[in-house]
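Comments concern the structure below.
The values are calculated or read from the model by the stated rules, or taken from the named source; none is laboratory data. This structure is a prediction, so every number in the text was calculated from the model and none was measured. All Cβ positions, glycine included, derive from the backbone under ideal geometry; neighbour counts span all protein chains shown. SASA here: full protein model, heavy atoms, side chains in, ligands and nucleic acids out. Shrake-Rupley method; radii C 1.70, N 1.55, O 1.52, S 1.80 Å.
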Amino acid sequence: MDTPAPALSETPSNPALGWVGLGLSALLLSSCFGLFLVLSRTPLLSPWLAATTTGFSRALVYHVDFAVLIWFLSMAGALITHGGNSSRRLWHRVALVLTWGGTVILLAAGMEGDGQAVLSNYVPVLNTPLFIMGLSLLWLAACTLALHGVFTLWAPWNLLRQAPVQAGVLAGSFAWLAAMAAFLLVFQRFDGTP
């Protein structure tokens, strides 16, 4: 006797898969930008690919931001949602939508064609309002994700009995929130002069 396959709505879904898909997409895009960077420094192809240093700098911004910023945020999201409480799925959905939205806005900002690349050490940026808006959405998504991690995994009565991965995710969530509080304090005192 054959048993019918479960309906699509009956199959359990893993909320971490959305984060893993975003992370893999970010790595794929970062690899494409990295390939452009390598090919633009190749002697035979450089006259056609790197007519200006602006294209190289912009590709470098996207390569680093997608390989580091969006990838790490995606993997943190996968860890938090995989080990978290399923009753708080709204938190991870909001963070995932904000992250996808920020990622799409970052890509749209690159298609504008203007804006100077600011090649800072950790998070290089394009100096355009649209790019800054995309980064702001990613910042908000990371804060939402960190709050989700704290509210989902915080159990003071059971803190020493948590799995090492859950304890690490909880510690990382607290560290992220502390870093964002420090960032906001510094930003509040910043008057715009270097």
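Applying a threshold of 6 Å to beta carbon distances and a minimum spacing of six or more residues, or different chains, the list of pairs starting in segment 133-150 at a residue that is among the hydrophobic types (A, V, I, L, M, F, W, C) and ending at one that is open to solvent by 60 Å² or more (accessible area, probe 1.4 Å) reads A146/W176.
Restricting attention to segment 113-152, the residues that are in contact with a Pro (Cβ under 9 Å, 6 or more places away or on another chain) and open to solvent by 30 Å² or more (accessible area, probe 1.4 Å) total 1.
Of the residues making up segment 77-104, those that are of a type in the set (G, A, S) and at pLDDT 90 or above are G77, A78, A95, G101, G102.
Taking the criterion of being exposed (fewer than 13 other Cβ atoms within 10 Å of the Cβ) and modelled with pLDDT of 80 or more, would at least one residue in segment 167-177 satisfy it?
Within segment 167-177, one or more residues are exposed (fewer than 13 other Cβ atoms within 10 Å of the Cβ) and modelled with pLDDT of 80 or more.
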